[in-house]
Every structure is written in C-alpha cells, then in structure tokens.
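**Q** Pasting a structure here, questions to come.
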C-alpha cells in the first residue's frame, strides 16, 4: 500500500483527494495536514466524511515523514519549499498548485511576482498531463499537476494541433467553471446570493492559467501559440467546460477520425459521437474528459467542446492518475468512477 | 459473481442501481430492460454511462433468464406479475415499487385502487428495511425495498419508539425531497423554470407513503401509530430530509445515548454529535443515514432530523444492501461510498 | 413627497427598500448611509442599481437630518440609540431589526443579552404587522417592523387562533427560508458550494424569532401560546414558507370560510382555493402572503401553509406598508407589484 | 389607455408581457388568448398572477377585436395569418416570433422551411431593435420584435461595427441563455434533474438566430458579416449573456469612449466602467442591456460582453418599448424597472 500524505487537506482539492484515496485499492492515507485546522478532525470540517475519515489534521512535517508520496494543495509560492523538503526526504511530490507548471522563469515572475525559489527543482519537475506526458511522468519524483482549465483545453485541442487539423493562430477559448474552482475561502463572488442565478466572465484575458495553456498548446503545435482565453463562473458546483474556436479547413468527419484515433487507447478521454455536445454533468465525479466536435462550415471553423470535472480530472483525479503512473500501477486504479446520471 | 438483472433500468432508481452494480466486487450486470427504450443502449439514454455501461436494453424475459436476482423499478401494479415470473423461475426478486410493501390488502386497495394480484406472494414478501428486518431478509426471495420517505422516517424514529422515549401519539413529520424523487418523467412541477427557486408542499397529508410509514412505526411502537406526514419538493436533485416532532419527556442526553446504542453496530446509520444538524448534502451519493437529535424543552418535544440520499439508501443502495444480505455477503459490499464534500 | 432615509442601506433589507422607494409615487430617497461603505456609491456595491440609484453613502446624522422617515437595518442593539435620535429630531422611525419587537424586557434580555436602552421608547413603539395592528400603526412614530418568520406565521395562524378553529396548544411550525435571510455577510453556511444542493435545519427550537412568534400568537389566542419552531435554510434566494400543524376539529370548509372572511379586504393576503398549496415562488418580489389550508382528517389536524417574500412582506415591503399607513397613504401605494411567473 | 391584446398569452413571453402591462400607466390589458387553455383563467395557469390578473383566456378573434395593439407569442409560421388579420382590422401588430424578422425570403425558407405567406406584409414589417431602428419604428404598424440572442449581440457590437473599431471578419460569439429561453413546454433538456448542475452548448453553429444576427451586423458594418455563433444553456432561469470576440487594433480607452458616446442618450443601455464585467443577474427583471469592454492585447482582440434579461429586453420589455414608440409615448413608460439586488 502506498502511504499517501496530503498537505493542505482541507482545501477543496485536498478533501476530494481524500475521497479518492479512500476508494483506492493500493493506497492509503498516512497523515493529512492543515494550517488552519491543525488538531481538528477532518470530519469536523467536512461532516460528509464522518465515519469515512475521522483523521486528525497534523503538521506538514508529520505528513512528510509518514508518507511515500506527498500531495500539496497550497497557495502559490508555498509548494516550492515543501517540494524541497520532500525531495530531500526521498519522497514523491505531486503539486496541485502552479509553482512548478511553467517552464519559463520569466513567465512565472510576470504572473506570480517572484522568481523560482529552487531553480534546480524546476529542472526535474514534470508537467503531469498524463495523456500527453505519460513517458516523462513514469520516472518522475516531482510532478506539477496541471490546472483545471489547462487540462480541459489541452486535451480538447491536442489532436487538432498535433495533426495540423486547425490553424495555430487565432484560437478563441471560452471556458466556464463551477464554483468549486474558487475554493473553500469565502468571497463575495461565491456568496450564495451573489452567484445563484448569476453568470459572468471574470479575469477576462487576464487569467493566470493563460501562460500554462499557451505553453502546452505551443508544444503541441510546434510553434508559438497565442490564445484568447476568457473564463466564466457558473452557478453550479462542479465541472469545467471549454468551447474552443479554431480556424480549420478539414471536414468534420476527418477531424472526428483523427480525434478517435488520437485517444483510442485512453481510458479517461471520450470523443463523443458526432451530433452530441459535451455536457459537464456527464463527467461529474469522474476522471473523464468528454470531447465533442462541431463544424461551422460557413465561417470555416472547427469547434471543440471539452468537459471535465474540475475537482477530479482537473485536480485530485489527475493527481491520483499521476501517482499511479509513478508507482507503476495501472492508470485506472482507484479511478474507475461512474458519473451519476443526476 | 451474482448475475444482476434490472427491469425498468432507465428510470432513476434503475440507472442509479447500474452505477452501484458497476462498482460492486461480487456482482455484475447480466441484462437490463426498458419498455420505452428497448433496443437502444442505456448510454444513449444517459450519456453519463458512455464507456462505463453501453449495454443494450432488452426484454423483461431476457432479463429474468439471465439473472440470479432481478430488481424492478416499475409503475405500481406491474411488479406483481413480474415477481410471480421470477418466483416461478427460481430467481430472487427485489422490488423498488410499492406492490409488496403493505401487509394489509385493504390498505393497499385504499391507496392503490386494486386488490393483491397474487395473495400468496404477499405472504412470502419481506419488507426490506435492512437495519430493522435483517433476520427476515436473510432467507427471503421476494423483497419489498422500502420507500424513500419511509426509510428516512423509520430509521429516524425507531430508537425512540422502540425504547419508549417519546409518545406514539401526535407525531408530526415534515419531509423534504429532492426532485429525483419525482423521477425522469416530464411534468410541469419538475420543469426547470417551475422548480428552480421554488418550494412548496405537495400531497399534503395525502401521500401514498403514509400507510407504509404508519405500518412500520406501529410495529416499532407496539401500538397503532397515526402520523401527520407532509412532503415538500426541494429545488435540488438528491436527498430526503425528515424533521420529526414527537412529544417526549426524556432529556436530550438520554435520547442521544439510546440512539447511539441502538445503532452502534450499524455501518449505514450515523447519529450525529449533539449540537450538529443533519444536512442532506452530507449523505449524497452514499447509503448513509444521518440522524440528529434536538430538544425543545419549553414545548416538551424531542425533534429528530433524518437525512438520506433518496436514490441510494432510499432506493438503489438499500436494494443492494438487501441483495448482499440475501446472498450472504457482508452488508457493506459495494456500498463503501464516500460522500463528496461538495 | 415623503423624504425617505435609510441607515444601513447596503444590507439586503436596505437595498431592497431602495428598490421599492424608487418605484413609490409619493416617496423619494433623501439620503442613505452605511458604516462599511461610507463615501462610496451604492451602485458600486450593487451594480444592479447602476443608473437607477447612484447615491453616495453618507453618515447616519446626514440621513436623519434630510428625512421625514428613517428606516434602519442594523445589527441588534444599534437601533435603540438611533430611534432616540430620530424621536428627538421629530422624525418617524421604522426599524427592520429586533430591538423594539418584544414587549417583555426580560424576554429581550434572555434572547439578546441586554436590557432595554430607553424603556420609554419601548412604550411608544408599535409592532407593525399591518394586517393585525393597523389601527395602532396609524398614529405611531416608532415602528418595529416584524421579523420575516413571525410575519409568515402570524398571518398564517391569525384567523385560526382568533376564531378558535384550532387548539392554542401543541402547535408545530416548520419553516424554510431562502438565503437572503442570512444577509450579505459572508459565512460558511451561505458559501455557494456549501448551500447549493444542500438543505438542513438550523437553530432547532432555539431561534430568536421564537419569542416574537409566541408574543404575537398569544395575543391572537388570548392565552399563552407555546410553539415548537424549527427554521431550515433553502438553496434559493428569496422567500419564506411555513408549514404549521395545529390540532383542530373543524372541517376544512369551515376553516376556509373563516380564513376568506378574515382576509376579505386585505390586498396583501390571498387565501388560495382549496386544493392548491402555497409556493414561495408565487409571492416573490411582491408584498403578498399566500396561505393554503389542508386537513389531515385521520390525525385531527388543520395544516396551514403560508408563503411570503422574506425581503418584501418579510422586510422592506411591510416597512413601506407601515410608512403608507403612518403617512395616510393608501396601503398599496408603491406596492402593487406583480410576481414574475418565473 | 392603449388597449393591449395578447395572443399566446400563456407562453413565457406572453405572461411576462402581462406583468409589464399591469404596471404600465398608459396601457391596459384588453383580452388575452391561448389555444391550450381557452376558457381558463390565466391565474390558474400561473398562480403568481392570482389577484393581479384573473382574466379568462379567450379566442384570438376576440383579442383582435378588443385591442389597439396585438402582441403575439406563437410558434413560427402562425404569426403571418394573424398579422394579416390585424392589418385588415387596422390594429398594430407586434410579433415575438421569427416570422417577420428576416428580410430575405430565401434565408427564411432555408431556416424555417417555408416561403413567406404574405410577401406584401414583409415589406411593411419593421425590425424593432429600438436603439438602432427607432425612426423606422415610429410609423410602423407591423413590428418584428427581435430575438433574444440577436438583441444582446447587436447592441453589444453596434458601436464597434458602426465605428470600425473592429474587423467585420472573424467574429466569434459565445452566448449563454437561461432556461426560460426554451419556454414553458416540457422537454428532457429542461427537466429539472437534467439541467440543474449541468451546462452544455446546443445547436452549435446551427441556431436559427444566426441569420438574424448576421442580417443585423451586416447592416451595421456596411458589409456582409459572417459570425460563428454558439449558444449554451445555463442552469438558471433568466438572462442572456454574450461574450463576443473581435479582431481589433484600437485601444480599450478608445473603444470605451466610442461606446459611451454611441449610447449616451439611451436609457436602456449601460456601458459599464472599465474593469467591470457584465453579469446577467444585474439586468434581471429590467429592460436594461449591460455592456462591458475588455481587451486582449496579446492576441489583438476587443472582447465585448453584453447581458440582457431574455424575457424583458429580449422579449416582452422590448415589445413594450416598441409599443411606446409607435404610440408616441416616452420610451421608458412602464419600463422604469429596477433590478433586484438578489
């Protein structure tokens, strides 16, 4: 059994990971920590866990010591010293945050306001988008779990960009996320009476996931890709859906075949039959990504819609998938989740 | 592996059962049927099942033949002939409907407008509220899976009535259900724009679950119990919560101890610490029942709040629990579900 | 034109009052104040008001000076000195809070932890449940606007208690409120991901509105009334519905006639035709109270369901109704609101 | 008083119009009709109207006879004969449907499958997007009220296209609508359990509003405009928001000034301060359109977000605005609605 530790366990990513690990046949929770709730039981914070996990929240140090792999869900900047400590202690480290996602230090500095703490760690860090970087992940000890928006977007556009089915220029990405993406912290935006029956974009063309998206798409396209990315906040809890607009001359059938082939052996990516549209509810509670393809013939566009559960494939589920790869388990171990029909 | 067949698989109870059976280590789906969708794949009706279950819906006869146990989710009246066929074929039959829940034929006739079709089957039918009827269920071949409201209510009041902690007279039950309780069929009441941001009671003191509730509570109390039962429809999908008002002289601490003792070995019933209130979201997607106890000293009442997921403990989950008992498996097999924190 | 000032204008009650005053033909906003947002425009806090009301939030003193009537929506305890200042300045004062609702100082101290600040003011304060206290309100200068729960409950039970249609003993009140009742302040309970798809009771048999409810019902019944009152929080924004269980021997038709007669001249109370159930969505955005009557013959109960918009009839609308009475206007002035059908 | 008749009054557009007319100082309901509910009171269909409007639904002929202006909310194809009857009877006719929106008969035939019934009526029909066609509307007797998506889109892009602030090529429009847009008819898509917590696009690049959008934008741009238009269905009731992506070289400040100037005298269009993003909840229940401007400098795009209430500015409100213009009333008469803050 892999001993799994979680630092920042009371955040939404952390508590979702607990749920997944409790159902994982080859892993068990070792210790979990939280700065805000140290000394309390996790089930006092989340009564949904009563009886299922009543572990007491301890310190970060205890987590590291007790674990084979440490997952961290921390505010940006805080993962770097923790990663250092894990590497020094010979542990595997999987980070839910952004600290190790960007290869370019200057991009990181632009968006996060500080240079890298330990440049040598960034050299060994692997970007853990499993379907696209499986081989790199196998030998990794420090993994940057991708962001939720970037996961939905890269999976959605990878077959098109890799196969030259669309132009790498002029891509527009209109994404919509459930409120769990904003986390457990209170804010006016996620106050019930503010969000319920409301809908708006936020951080228009200014979201921190933009450089991560462009980094990933550029690799896929083999050229510098610049996108317009606008996230919106949905009045629901879970899920991200991205509607992506590309310039393309290929027929829908050609695109569909290429997508099916690209993902034919992937257990977590489903290319929906032509005529269907991806809906985020159909992937909720699972590690699945649903992709639907559409063509606007009169405007010459291929439109790709990609839906994931932001807390599973966009966070805790993909983190478990990464762990499975690192520890040599079948990728689907503990992740054979079926979406509820409602 | 137990071969599991489902008749009426495209209803909400049926499709939730599919989800549970897919995760059950000792059971597998044999065949599933639906009158409305025969010949289609279940995943065409519920895209959430794409890749997880793409079985084609067949006829009722094929289901019976291929299965060790047949679950039925049918409109009332239709389960009786199916039960007969299953008994004749030597299969176990577990009914989601009301056909076999009432012991009194005259009560059945009053509420459902017809006499029993096969009175001899009603003699062997067992009412499958697992925590209260486990011994009867063990040898049963025909099980009436309890209704969702009656499950939440009987579990909530059993310790009080069994131990004489409250009066059997004057009980008021105010229940609230999510919209899945009304099923997949379209209706004005469950049209999104009618239900969203709305809330109302329905079938006030006239709901068909009333005789089932009173039958169960009367057994527990050892005397005829008459309740006032008012259900309400919540603008959310899953869960039932019942707030139950009883006349009582015992202290909250005494009641709490009695409840804890009553359920001390029950994996699916949690008596919440005093001071907490049950919330239906904390049992969603699980077979759990959360019970909280409260005292209104100045009015001399013990108030019990009981929450379940109407589609799991109130339907498909309890049905699986019944199957586990019948087939000699540990009761929790396939039901160790953890509620999502959000 | 009546000059209307609002102290605490950025709270939910305050901003709803602004909306109503903007549509009132005989009143206009003079000045509005807020401690937290002084110096800002109200439309910066609520962009829904852009163009409709861009007034700058000023100090409490400026509000008093500029107004004929001052409405206050303040945390409990703070209305008493403000009322004093208004009385000294010869203004009418209408309080959204609880400071002047209870006649008994000892009850007030029990629930709010402090004695009355100005006992002489409590002697002139009038409890402003318009339908039941119209004559007292006419000459009043200091009005305690009733609480939202107490409004729905007293209107619902008044005809029954006044006419002896039910027992004054053993009344059970199960109420459900939308999230606006908890106000604009951030809390875990009203965090979107906590409340959405969730439902639970709170402050079970311990809510501060209990003494106000019992004070009102006792007057109606002419004897001391003790109720069991349990509020619940709904995952929606507006509205309160109370399901009230009484012991009664009268027929439904008799009760219905008495209710219709009791409210025959009331523009804001509608007794629904027998067979219908009150739904809070049908009174949203209006000053209406919908009442439906139901009988549980087998348990000997009359069940009354009463629905209001907690922010209108339960707060700002009733406050305007009080103002209309005090200033000699037709009660419906500025309150002829039609509920949206969706 | 203008005598207002409504044909198809029980549809969502019709019942919202009733609400507006009830608050209109210079208009009153004459007669209302419905094929499905003829002979019933409208308040039996919509209990929100009890006491406010208990009119009985009559025949179409009675409506025409009793009215100065007839509004119709009918399935496409049915408005043309009704318009003919109204013209013959000397009435003003305002159509909520699509029958008279497209100037090109071949476009109409392509999207609606039939030629024009009365080509001469199409010559006198005026497209009633008030802010852009006010002068034409003044003398009109047959008005095609614009579609909800086209209203939000044309208002959002008009200043940019008119002033050449963006390219007329390559525009991408990602729209999201509340469920009222799908109307009162039951459908699986708008079944509560299907839509709640779900989100998906529909009719991707194939929505019937596309030719109406392109017709309008082409006029504004002075050249043929081809757009990519993808609508999505939101799990909420009211509102449409369109996020529109244009290629542009002008600075945000320049665009902002041009937008402010373009709409400086428009009571129903608000250009939000730079830095804010339009949110559909802030225009709910009003005839307002909120527009926010954003720039993606690195991709060279001007992004325009436009929000309206689909049932008011997108249907009944704009219809009243058209009526006001035709009858020489100030445009805001009966439309000075303030959005609720929650």
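**Q** Looking at the range D:231-254, is at least one residue more than 23 Å from the chain's Cα centre (by Cα), away from every other protein chain (no Cβ under 11 Å), surrounded by fewer than 22 Cβ atoms within 10 Å (Cβ to Cβ) and not in a loop (DSSP other than H, G, I, E, B)? Spell out the reasoning first.
**A** Taking the range D:231-254 and keeping what is more than 23 Å from the chain's Cα centre (by Cα), we get D:247-254.
If we keep only those that are away from every other protein chain (no Cβ under 11 Å) as well, we get D:248-251, D:253-254.
Now drop any that are not surrounded by fewer than 22 Cβ atoms within 10 Å (Cβ to Cβ), which leaves D:248-251, D:253-254.
Those left that are additionally not in a loop (DSSP other than H, G, I, E, B): D:253-254.
Yes, because at least one residue in the range D:231-254 is more than 23 Å from the chain's Cα centre (by Cα), away from every other protein chain (no Cβ under 11 Å), surrounded by fewer than 22 Cβ atoms within 10 Å (Cβ to Cβ) and not in a loop (DSSP other than H, G, I, E, B).
**Q** For the range B:259-266, does any single residue satisfy the condition of being within 9 Å of chain C (Cβ to nearest Cβ) and crowded, with 21+ Cβ neighbours inside 10 Å?
**A** Within the range B:259-266, the first condition is being within 9 Å of chain C (Cβ to nearest Cβ), and the residues that meet it are none.
No: zero hits.
**Q** Of all residues in the range A:272-285, how many are more than 7 Å from every other protein chain (Cβ to nearest Cβ), buried (at least 24 other Cβ atoms within 10 Å of the Cβ) and in a loop (DSSP other than H, G, I, E, B)?
**A** 1
**Q** Here's a follow-up. Kindly indicate whether residue A:211 is closer than 23 Å to residue D:232 by Cα and either at pLDDT 95 or above or in contact with a strand residue (DSSP E or B) (Cβ under 8 Å, 6 or more places away or on another chain) (or both). It would help to see each step written out before you state the result.
**A** Working: closer than 23 Å to residue D:232 by Cα: no; either at pLDDT 95 or above or in contact with a strand residue (DSSP E or B) (Cβ under 8 Å, 6 or more places away or on another chain) (or both): yes.
Spelling it out, it is not the case that residue A:211 is closer than 23 Å to residue D:232 by Cα and either at pLDDT 95 or above or in contact with a strand residue (DSSP E or B) (Cβ under 8 Å, 6 or more places away or on another chain) (or both).
**Q** Sort out which residues of the range D:215-228 are more than 9 Å from chain A (Cβ to nearest Cβ) and under 22 Å from the mean Cα position of the chain (by Cα), and write them in order of number.
**A** Pass one, the range D:215-228, residues more than 9 Å from chain A (Cβ to nearest Cβ): D:215-225.
Answer for the range D:215-228, where residues must be more than 9 Å from chain A (Cβ to nearest Cβ) and under 22 Å from the mean Cα position of the chain (by Cα): D:215, D:216, D:217, D:218, D:219, D:220, D:221, D:225.
**Q** Within the range A:12-59, track down each residue that is touching a residue at least 40 places away in the same chain (Cβ under 8 Å), over 15 Å from residue A:323 (Cα atoms) and surrounded by fewer than 23 Cβ atoms within 10 Å (Cβ to Cβ).
**A** none
**Q** Any idea which of (1) part of a helix (DSSP H, G or I); (2) within 30 Å of residue A:219 (Cα to Cα) is the one residue A:85 doesn't satisfy?
**A** Failed condition: (2).
**Q** Something else now. Quick check: anything in the range D:289-298 more than 14 Å from chain A (Cβ to nearest Cβ) and either under 27 Å from residue C:10 (Cα atoms) or touching a helix residue (DSSP H, G or I) at 6+ places or on another chain (Cβ under 8 Å) (or both)?
**A** Here is the first cut: in the range D:289-298, the residues more than 14 Å from chain A (Cβ to nearest Cβ) are D:289.
Right, trim to either under 27 Å from residue C:10 (Cα atoms) or touching a helix residue (DSSP H, G or I) at 6+ places or on another chain (Cβ under 8 Å) (or both) and you get D:289.
Yes, because at least one residue in the range D:289-298 is more than 14 Å from chain A (Cβ to nearest Cβ) and either under 27 Å from residue C:10 (Cα atoms) or touching a helix residue (DSSP H, G or I) at 6+ places or on another chain (Cβ under 8 Å) (or both).
**Q** Still on this structure: Looking only at helices (runs of 4 or more DSSP H) that lie completely in the range B:1-77, which have at least 2 residues being within 13 Å of another protein chain (Cβ to nearest Cβ) and either over 27 Å from residue B:179 (Cβ atoms) or in contact with a strand residue (DSSP E or B) (Cβ under 7 Å, 6 or more places away or on another chain) (or both)?
**A** On the way: elements: B:12-22, B:42-45, B:60-66.
Where helices (runs of 4 or more DSSP H) fall fully within the range B:1-77 and carry at least 2 residues being within 13 Å of another protein chain (Cβ to nearest Cβ) and either over 27 Å from residue B:179 (Cβ atoms) or in contact with a strand residue (DSSP E or B) (Cβ under 7 Å, 6 or more places away or on another chain) (or both), they are B:12-22.
**Q** Condition (residue is at pLDDT 95 or above, in contact with a helix residue (DSSP H, G or I) (Cβ under 9 Å, 6 or more places away or on another chain) and assigned to a helix (DSSP H, G or I)) applied to the range A:135-147: is it met by at least one residue?
**A** Looking for residues that are at pLDDT 95 or above, in contact with a helix residue (DSSP H, G or I) (Cβ under 9 Å, 6 or more places away or on another chain) and assigned to a helix (DSSP H, G or I), one finds at least one in the range A:135-147, hence yes.
**Q** Then there's this: Does the range D:187-194 contain any residue that is at the interface with chain A (Cβ under 10 Å from one of its Cβ atoms) and at pLDDT below 95?
**A** No, the conditions are met nowhere in the range D:187-194.
**Q** Looking at (1) part of a helix (DSSP H, G or I); (2) touching a residue at least 40 places away in the same chain (Cβ under 8 Å), can you tell me which one residue A:267 breaks?
**A** (1)
**Q** Can you spot a residue in the range A:107-114 that is over 17 Å from the mean Cα position of the chain (by Cα), closer than 22 Å to residue A:16 by Cβ and part of a helix (DSSP H, G or I)?
**A** Let us first name the residues in the range A:107-114 that are over 17 Å from the mean Cα position of the chain (by Cα), namely A:107-114.
After this cut, where a residue has to be closer than 22 Å to residue A:16 by Cβ as well, the list is none.
No: the range A:107-114 contains no residue that is over 17 Å from the mean Cα position of the chain (by Cα), closer than 22 Å to residue A:16 by Cβ and part of a helix (DSSP H, G or I).
**Q** Which residues, counting only those in the range B:160-185, are closer than 14 Å to residue B:222 by Cβ and touching a helix residue (DSSP H, G or I) at 6+ places or on another chain (Cβ under 6 Å)? So that I can check it myself, show each step before the final result.
**A** Narrowing the range B:160-185 to residues closer than 14 Å to residue B:222 by Cβ: B:160-169.
Correct list: B:161, B:162, B:163, B:165, B:166, B:168.
**Q** Looking at the range C:82-140 only, could you name the residues that are within 24 Å of residue C:288 (Cβ to Cβ) and exposed (fewer than 13 other Cβ atoms within 10 Å of the Cβ)?
**A** The answer is C:135, C:138.
**Q** Being surrounded by fewer than 20 Cβ atoms within 10 Å (Cβ to Cβ), out of contact with any strand residue (DSSP E or B) (no Cβ under 9 Å at 6 or more places or on another chain) and assigned to a loop (DSSP other than H, G, I, E, B): is that true of residue A:223 here? Walk me through how you get there before you give the answer.
**A** Details: surrounded by fewer than 20 Cβ atoms within 10 Å (Cβ to Cβ): yes; out of contact with any strand residue (DSSP E or B) (no Cβ under 9 Å at 6 or more places or on another chain): yes; assigned to a loop (DSSP other than H, G, I, E, B): yes.
So residue A:223 passes the test.
**Q** Checking residue D:177 against (1) crowded, with 24+ Cβ neighbours inside 10 Å; (2) facing chain A (nearest Cβ under 8 Å); (3) closer than 23 Å to residue B:189 by Cβ, which test does it fail?
**A** Failed condition: (2).
**Q** Shifting gears a bit: If you go through the range C:151-174 one residue at a time, how many are on the phi > 0 side of the Ramachandran plot and at the interface with chain B (Cβ under 9 Å from one of its Cβ atoms)?
**A** Just the residues of the range C:151-174 that are on the phi > 0 side of the Ramachandran plot, to begin with: C:164, C:170.
Of the ones still in play, those that are also at the interface with chain B (Cβ under 9 Å from one of its Cβ atoms) are C:170.
Adding up the residues that qualify gives 1.
**Q** So residue A:205 clears everything in (1) touching a strand residue (DSSP E or B) at 6+ places or on another chain (Cβ under 9 Å); (2) modelled with pLDDT of 95 or more; (3) part of a loop (DSSP other than H, G, I, E, B) except one condition, right? Which one?
**A** Exception for residue A:205: condition (2).
**Q** Also: Going residue by residue through the range C:303-312, is there one that turns out to be without any contact (Cβ under 8 Å) to a residue 24 or more places away in the chain, within 11 Å of chain B (Cβ to nearest Cβ), closer than 30 Å to residue B:171 by Cα and in contact with a strand residue (DSSP E or B) (Cβ under 9 Å, 6 or more places away or on another chain)? Please lay out each step first, then the result.
**A** Filtering the range C:303-312 for residues without any contact (Cβ under 8 Å) to a residue 24 or more places away in the chain gives none.
No, the range C:303-312 contains no residue that is without any contact (Cβ under 8 Å) to a residue 24 or more places away in the chain, within 11 Å of chain B (Cβ to nearest Cβ), closer than 30 Å to residue B:171 by Cα and in contact with a strand residue (DSSP E or B) (Cβ under 9 Å, 6 or more places away or on another chain).
**Q** Right, here's the next one. Against the conditions (1) more than 21 Å from the chain's Cα centre (by Cα); (2) within 14 Å of chain A (Cβ to nearest Cβ); (3) surrounded by 20 or more Cβ atoms within 10 Å (Cβ to Cβ), where does residue D:205 fall short? Just the number, please.
**A** (1)
Conditions (1) closer than 22 Å to residue C:110 by Cα; (2) touching a residue at least 24 places away in the same chain (Cβ under 8 Å), marked per residue:
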| site | (1), (2) |
| --- | --- |
| C:133 | no, no |
| C:137 | no, yes |
| C:150 | yes, yes |
| C:175 | no, yes |
| C:180 | no, yes |
| C:198 | no, yes |
| C:219 | yes, no |
| C:229 | yes, yes |
| C:247 | no, yes |
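The values are calculated or read from the model by the stated rules, or taken from the named source; none is laboratory data. In this text, all values refer to a predicted model and were calculated from it rather than measured experimentally. All Cβ positions, even for glycine, are placed from backbone atoms using ideal geometry, and neighbour counts span all protein chains on display.
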